[in-house]
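I have placed the structure first, in the form of structure tokens, so that the comments after it can refer back to it.
The values are calculated or read from the model by the stated rules, or taken from the named source; none is laboratory data. This one's a predicted model, so the numbers in the text were calculated from it and none came from an experiment. With ideal geometry, Cβ positions are generated from the backbone for all residues, glycine too; neighbour counts draw on all protein chains shown. The protein model used for the area step is the full one, side chains on, heavy atoms only, and it has no ligands, DNA or RNA in it. Shrake-Rupley method; radii C 1.70, N 1.55, O 1.52, S 1.80 Å.
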Amino acid sequence: LLTLGLLMLMLGLIQADAWGWSSSFTLGLLIGSAIPLAGFVLVESRVRNPLIELGIFLRNPPFLGANALALAAYSAVYVFLFITALYLQNIHGDSALGAGVRLLPFAVVFAALAPQVGKIVNRVGPVLPMTVGGALLAGALVMLSFADADSPELFLASSFVIFGAGMAVGLVSISAGALGAVPPAKIGAAAGIRSTMAYVGGALGVAVAGAVLLVRERTRLSEITREQGQEITPDEQRDIDALLSGAPEARSQLDLLSPGQADEIILAAGDAFTAGMATSLRLTAGLVVACTVVMLLLTRKGTPPRDPAPHGHVKLPPPEDAHARATGEGR
């Protein structure tokens, strides 16, 4: 039920531009996805051994807050990788390898900071690092939203470094916050829920960001052509979409035009793409900020007390006490 509901939702978002946002297919998928998702909640709340224990959410505000931020943070990570790869290759003209090399600052900072964040969380707790991580992620996305074809290397590398730092601080502390908010007996279930939220956030984030990017890109392209006293046709729109996706056929068609016409089309397409990219990144940043605020509000409600020892089990004394009793020391 969960898979079917998410599939319907993401398919509707991804295909909405091709089918039309008001088409029966799009509306049927988007609205109809609520049925299996509601069925999933109903089943999980009634079965003896649920796949996802919904009670953990309902009775534990800090756990709910950490998972809300996990949804937004992983959405930000996947959207960043998805859109940045397109931007570097289609706007800056990098190869796939070249785009990967440019992203190295992001990966290096993440790898260097992640092990240290665990030590910080052990000292100050997860709430402050989660807040800082969310702020860094949102700030890097907003910064990158101002990038265009002429953005200098230092500007891009700085945004990548900030995002890598936010990813390291945020993701590690989110895991610590989610698992630390549940009793030891529930840690396995809590880890599964956090992983599920990460995958759902990534999948939905890319689907929504892709849809927003395409809609804004086409809107901006229509604005540019109208400013030039022209009206873009559906066929021309498809050709420009193919050009932005790097299709070889579109590149070959572009080579048939005069240099002036080709440059004009490339500039218009690049302007339209960066407009769509900016909107998608800013919306994602807004989601991260909103979920960070939700996390802070829910965390203030406090963590519920740990579950007592399971029925039929005796709480064992600390190891040193047990050793003293067994050897007779300290009597």
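Exactly one residue out of 81, 13 is on the phi < 0 side of the Ramachandran plot, surrounded by 17 or more Cβ atoms within 10 Å (Cβ to Cβ), under 20 Å from the mean Cα position of the chain (by Cα) and aliphatic (A, V, I, L, M), and it is 13. Return yes or no: is residue 110 under 19 Å from residue 213 (Cβ atoms), open to solvent by 20 Å² or more (accessible area, probe 1.4 Å), within 23 Å of the chain's Cα centre (by Cα) and not acidic (Asp, Glu)? Criteria not met by residue 110.
Every condition in (1) among the aliphatic types (A, V, I, L, M); (2) open to solvent by less than 40 Å² (accessible area, probe 1.4 Å); (3) in contact with a Phe, Trp or Tyr (Cβ under 6 Å, 6 or more places away or on another chain) is met by residue 206 except one, and the failing one is (2). Screening the stretch 181-193 for residues that are touching a residue at least 24 places away in the same chain (Cβ under 8 Å) and open to solvent by 40 Å² or more (accessible area, probe 1.4 Å) and picking the one that is nearest to residue 273 (Cα to Cα) gives 186. One residue is enough: does the stretch 143-153 have a residue meeting the conditions of a type in the set (Asp, Glu), without any contact (Cβ under 8 Å) to a residue 60 or more places away in the chain and surrounded by 15 or more Cβ atoms within 10 Å (Cβ to Cβ)? Among the residues of the stretch 143-153, not one is of a type in the set (Asp, Glu), without any contact (Cβ under 8 Å) to a residue 60 or more places away in the chain and surrounded by 15 or more Cβ atoms within 10 Å (Cβ to Cβ), which makes the answer no.
Among the residues of the stretch 113-142, count how many are open to solvent by less than 70 Å² (accessible area, probe 1.4 Å) and either over 15 Å from residue 177 (Cα atoms) or out of contact with any Pro (no Cβ under 8 Å at 6 or more places or on another chain) (or both). Of the residues in that region, 20 qualify.
Taking the stretch 23-118 and the helices (runs of 4 or more DSSP H) fully enclosed by it, the elements with 3 or more residues that are closer than 21 Å to residue 291 by Cα and modelled with pLDDT of 95 or more are at 61-86.
Which of the residues belonging to the stretch 134-159 are in a helix (DSSP H, G or I) and over 16 Å from residue 286 (Cβ atoms)? Within the stretch 134-159, 153, 154, 155, 156, 157, 158, 159 meet the criteria.
Whenever a residue of the stretch 9-37 is over 15 Å from residue 200 (Cα atoms) and of a type in the set (Asp, Glu), its partners that are in a helix (DSSP H, G or I) and open to solvent by 40 Å² or more (accessible area, probe 1.4 Å), lying with C-beta atoms within less than 6 angstrom and at least six residues away or across chains, give the pairs 17/214. Taking (1) open to solvent by less than 40 Å² (accessible area, probe 1.4 Å); (2) within 18 Å of the chain's Cα centre (by Cα) in turn, residue 221 satisfies each apart from (2). Of all the criteria given as (1) touching a residue at least 12 places away in the same chain (Cβ under 8 Å); (2) farther than 30 Å from residue 299 by Cβ, the one not satisfied by residue 68 is (2).
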